[in-house]
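Here's the structure we're looking at; comments come further down.
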Amino acid sequence: MRYRSTRGQAPLVSADKALRAGVAPDGGLYLPETLPQFEPGDFAGNASLGALANRLLAPFFAGSPLAQPLEAICASAFDFPLPLVTPDKSEPGLQVLELFHGPTGAFKDFGARFLFRAFDAIASADDPITVLAATSGDTGGAVGCAAEGARHARAVILFPRGRISAFQERQLCCWREPVTALRVTGDFDACQRLVKSAFADRALSARHGLTSANSISIGRLLPQMAYWARASLDVFKATGIKPGLIAPTGNLGNAFAAVLARACGLPIGPVVLATNANGTLADWHASGEYTARQSIATLANAMDVGAPSNFERLSGFGDELIEDVVRVEDEAIRARIAASHQQSGYIACPHTATALEAFARMTPETQAERPWIAAATAHPYKFADVVEPLIGLRLTPPPALAEVLERPVHVSDIAATLEALAAQLGAPAEN
Ligand SMILES: *Cc1c(COP(=O)(O)O)cnc(C)c1O
């Protein structure tokens, strides 16, 4: 399998090269040159998620150095539960696919764990890989956690001093080697500028094998197909009907994985996007015109995106694959969290609430046409400050998140300069 750039001006590359590069040299995003075609029966006997992922992803890594380690990567990356639950027994047409049972309590664990294991498999002592991540949210924690124990790849995480919550900071600073957390004197933009200038410094970049793990990495998108495949195969087997999917959407990574899985022949019906008040995708779907915006802050902050980075991939696939885009304002997020808890006891995070609200706004006919699967993307405990007042209950952390609170913290403070970052890269901080 080779990968092409969405802009068509870059050479075709193998999977490992596409992963390492992140962005194609022409500024475009990598897409597989061809798509394998599967039948539901092809996955019979793949009982575990790891085995299913290996079967699904094998064609995408064929002919690359990742083909051989793929099975082990999938088995160790996807070793946590993936429940498909019916939150409200009086509404059996809606199931929720809980993607938050990984070690950092958000669906980013799927992509980050796969990608980091893949990096570790292609890196070597002579050819190291350093993942440089500027983060304000879930991705840094998932990448740091995924990097623990890696042999040849390491993670360096930058975050702005005093701009993230205490729990978020812990979740960035609690990981063991080879993870370095850097608290930058500056805002999030300063962190991003620092990362960009490090990539632009060719000598520095080559010496450390700098790369990124952001949501445009094809190495995060591909493995995210696995959970959509699992859920749709199970529902199709039970009902004979292709389920519709509802994806809480920010940068379109989760939703694009659903579209890709469908294009590979998985039994997936219409795909509905649920967004927060950021209206770029809803306006595009309504008008056919795409206009990037400044992002606005909402309760579902991991989806605060005004220029979804994977849009460039989606537009190549054709709009007809997206059935609907439902925009959910903060007020409706709050109301949905409260109503869901009141009706059935189900507790949703603000991101998940956008998907539940998208289902609630469908006509009864659309709801009844087929089974629907909504993704739950974060554990509600991560957003306890929003959720608790709405449901009138204290949330308890799941064991993985409780453990984060117990771990020792390792962090170094740096100025927002390339010299300071380069010094950290050259001599990893003594934790
Ligand atoms: C990242 C994230 C999203 C958005 O996913 P995209 O792939 O960027 O569309 C939704 N919910 C949570 C909790 C997230 O962390």
Notebook entry, point to check: One-quarter of the Cα convex hull surface for region 207-288, in nm²?
Noted result: 7.3
Next item on the list: State the answer as a single residue: which of 24, 96, 110 lies farthest towards the positive end of the charge dipole of region 1-137, with beta carbon charges of +1 for Lys and Arg and -1 for Asp and Glu, about the Cα centre.
Entry: 24
Next item on the list: Treating each Cα of region 176-327 as an identical point scatterer and ignoring solvent, apply the Debye formula and state log10 I(q)/I(0) at q = 0.14 Å⁻¹.
Entry: -0.82
Next item on the list: About the Cα centre of region 60-178, how large is the charge dipole given +1 on each Lys and Arg Cβ and -1 on each Asp and Glu Cβ? Please answer in debye to the nearest 20.
Entry: 340
Checklist line | Qualifying lysines (Cα of each under 23 Å from Cα of residue 242; at least 8 residues distant if same chain) | finding: 89
Check: Which percent of the Cα-Cα distances in region 96-198 go past 17 Å?
Finding: 51
Check: How would 1, 225 line up by accessible area, probe 1.4 Å, largest first?
Finding: 1, 225
Item checked: Stokes-Einstein diffusion coefficient of region 306-420, Kirkwood radius over Cα pairs, 10 °C, 1.306 mPa s, in µm²/s -> 91
Note to self: When 1/r is averaged over all different Cα pairs and the result inverted, which Kirkwood radius in Å belongs to region 136-252?
What the structure shows: 16.7
Item checked: Amide H partners (placed H, <5 Å) of residue 376, local residues excluded -> 97, 98, 99
Next item on the list: Using only the Cα atoms of region 1-135, construct the convex hull and provide its projected area averaged over every direction, in square nanometres to one decimal.
Entry: 10.9
Margin query: Quick check on region 80-142: take the gyration tensor over C-alpha atoms, sort the square-rooted eigenvalues as a ≥ b ≥ c, and tell me if it's rounded (a/c under 1.5), prolate or oblate.
Written below: prolate
Checklist line | Set of lysines with alpha-carbon distance to residue 17 below 21 Å, sequence-local pairs under 8 removed | finding: 196
Note to self: Please compute the contact order of region 42-111 in relative form: average sequence separation of alpha-carbon pairs under 8 Å and at least six residues apart, divided by the residue count, as a percent.
What the structure shows: 22
Next item on the list: For region 2-56, state the semi-axes of the equivalent ellipsoid (square roots of 5 times the eigenvalues of the alpha-carbon gyration tensor), sorted largest first and rounded to whole angstrom.
Entry: 29, 12, 7
Next item on the list: Would you mind finding the longest exposed-site-free stretch of the chain, with exposed GluC sites (Glu not before Pro) meaning DSSP loop and at most 11 other Cβ atoms within 10 Å?
Entry: 34-288
Margin query: Let me make sure I get this right: for region 295-335, a, b and c are the square roots of the gyration tensor eigenvalues over alpha carbons, sorted descending. Under 1.5 in a/c it's rounded, otherwise prolate if a/b > b/c, else oblate. Which is it?
Written below: oblate
Note to self: Of 83, 43, 64, which is farthest towards the positive pole of region 40-106's charge dipole, taken about the Cα centre with +1 and -1 on the beta-carbons of Lys, Arg and Asp, Glu respectively?
What the structure shows: 64
Next item on the list: Have a look at the chain and give its Rg and Dmax from the Cα atoms, expressed in angstrom.
Entry: 20.7, 62
Checklist line | D_trans [Stokes-Einstein, Kirkwood Rh over alpha-carbon pairs] for region 244-390, 10 °C, 1.306 mPa s, µm² s⁻¹ | finding: 103
Check: Sorted by accessible area (1.4 Å probe), largest first, how do 220, 394 line up?
Finding: 394, 220
Check: Setting aside same-chain residues fewer than 8 positions from residue 382, which lysines have a Cα under 19 Å from its Cα?
Finding: 108
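The values are calculated or read from the model by the stated rules, or taken from the named source; none is laboratory data. Keep in mind it's a predicted model, so treat the numbers as computed, not measured. So basically every Cβ, Gly included, is an ideal-geometry build from the backbone, and we count neighbours across all protein chains shown. Each accessible area value is taken on the protein alone, full model and side chains, heavy atoms only, with ligands, DNA and RNA left out. Shrake-Rupley method; radii C 1.70, N 1.55, O 1.52, S 1.80 Å.
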